[in-house]
1. Say we look at the stretch 1-20 and pick out the residues that are closer than 28 Å to R65 by Cα and among the polar types (S, T, N, Q); which of these is modelled with the highest pLDDT?
2. Just to be sure I understand the filter: pairs with C-beta atoms under 7 Å, separated by 6 or more residues or on different chains, first member in the stretch 19-31 and closer than 10 Å to R61 by Cα, second member of a type in the set (K, R) and not in a helix (DSSP H, G or I). Which pairs pass?
3. Run G36 past the list (1) buried (at least 17 other Cβ atoms within 10 Å of the Cβ); (2) within 20 Å of E80 (Cβ to Cβ); (3) of a type outside the set (F, W, Y) and report the number of the one that doesn't hold.
4. I'm told G23 meets every condition in (1) surrounded by 15 or more Cβ atoms within 10 Å (Cβ to Cβ); (2) at pLDDT 85 or above; (3) among the small types (G, A, S) except one. Can you identify the failing condition by its number?
5. Assess whether C83 counts as being of a type outside the set (S, T, N, Q), surrounded by 10 or more Cβ atoms within 10 Å (Cβ to Cβ), under 11 Å from T18 (Cα atoms) and touching a Cys at 6+ places or on another chain (Cβ under 6 Å).
Amino acid sequence: MRKLLLTLTMVGALAGCTTAEQGAVVGGLGGAAIGGLATGRTSGALAGGLIGTTAGYLIGRAADRPGYCRYRDQYGRVYEARCR
């Protein structure tokens, strides 16, 4: 069970494209785990996931550089450049 949760967390963290999206995924998973463990209820996991997603997105958004966007070239590489 622990291996499955760890694998899902790793895949979810890589699924986000921007820093804000990655922060939201990691924050949501972490918040859901903590909320579920702390309360032992599904509602606690949902509340923790919502709070963690919001906080992770805001923290990730603050880490992005203003005026720069992320682009993907024809080979799938991601790079940052001024927004067009």
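1. So, considering only residues that are closer than 28 Å to R65 by Cα and among the polar types (S, T, N, Q), the one modelled with the highest pLDDT is T19.
2. Filtered contacts from the stretch 19-31: no entries.
3. The single condition G36 does not satisfy is (2).
4. Unmet condition: (2).
5. When the stated conditions are applied, C83 does not pass them.
The values are calculated or read from the model by the stated rules, or taken from the named source; none is laboratory data. Note that the structure is a prediction, hence the values are computed from the model and not measured. Glycine also receives a Cβ, built like all others from the backbone with ideal geometry; neighbour counts cover every protein chain displayed.
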